[in-house]
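One structure is given here, and the rest of the page talks about it.
The values are calculated or read from the model by the stated rules, or taken from the named source; none is laboratory data. Computed from a predicted model, the values in this text were never measured in an experiment. Note that we place each Cβ from the backbone using ideal geometry, even for glycine, and neighbour counts take in every protein chain shown.
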Amino acid sequence: MAYKLNVNGKVLTADVDPDTPLLWTLRDTLGITGPKFGCGVGACGACTVHLDGKPIRSCATPVSSVAETARITTIEGIGADAVGRKVQAAWAELDVAQCGYCQPGQIMSATALLKSKPRPTDADIDAAMSGNICRCATYNRIRAAIKRASGQPVEV
């Protein structure tokens, strides 16, 4: 079935089964490869995208549930947002990424956090980022980058 998806501000069409996960529709059908496959059950956060500004796990979201009306933003489009640009800049300034595999999902979750809480506490950061796993354990750098992007002092 053909679905229209608003991805990063562009309306795209994907001809897929209704139960196809949004992740595979983005990656395999539309060629948007920023969201990564990690676990397939929404537990690791590597596939995080924004749906109408809220972070979701695209591996566990059927394309039929988000087609036609939802605005989907991926890591490829997050830089069009002022908060997303700040988060990406902080990630680069603090060399957050090690292997980089989970970082698109981390950045998507961090951006959603800062849009809802512009000056998050450590507890806010822990809660918002708890669903994103980093195998390289760059959690201290992730926290520092979120604080830098929010304008808070950072110990490096």
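Some values worked out for this structure:
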{"read-out": "Check on Pro104, outside the structural domain of Ala43 (by TED's automatic domain parsing) and within 18 Å of Ile56 (Cα to Cα)", "value": "yes"}
{"read-out": "Residue that is farthest from Lys36 (Cα to Cα) [pool: residues in segment 62-78 that are without any contact (Cβ under 8 Å) to a residue 60 or more places away in the chain and either surrounded by 23 or more Cβ atoms within 10 Å (Cβ to Cβ) or in the same structural domain as Gly131 (by TED's automatic domain parsing) (or both)]", "value": "Ile78"}
{"read-out": "Single unsatisfied condition, Val83 versus (1) in contact with a Leu (Cβ under 7 Å, 6 or more places away or on another chain); (2) free of Cβ contacts under 8 Å to residues at least 40 places away in the same chain; (3) part of a helix (DSSP H, G or I)", "value": "(2)"}
{"read-out": "Top-ranked residue of segment 96-149 - restricted to ones that are assigned to a helix (DSSP H, G or I) and basic (Lys, Arg), ranked as nearest to the chain's Cα centre (by Cα)", "value": "Lys115"}
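Quick grid of which residues meet (1) on the phi > 0 side of the Ramachandran plot; (2) of a type in the set (D, E, K, R); (3) at pLDDT below 95; (4) in contact with a Gly (Cβ under 6 Å, 6 or more places away or on another chain):
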position: Arg85; (1), (2), (3), (4): no, yes, no, yes
position: Ala92; (1), (2), (3), (4): no, no, no, no
position: Ile107; (1), (2), (3), (4): no, no, no, no
position: Lys115; (1), (2), (3), (4): no, yes, no, no
position: Thr121; (1), (2), (3), (4): no, no, no, no
position: Asp126; (1), (2), (3), (4): no, yes, no, no
position: Ile142; (1), (2), (3), (4): no, no, no, no
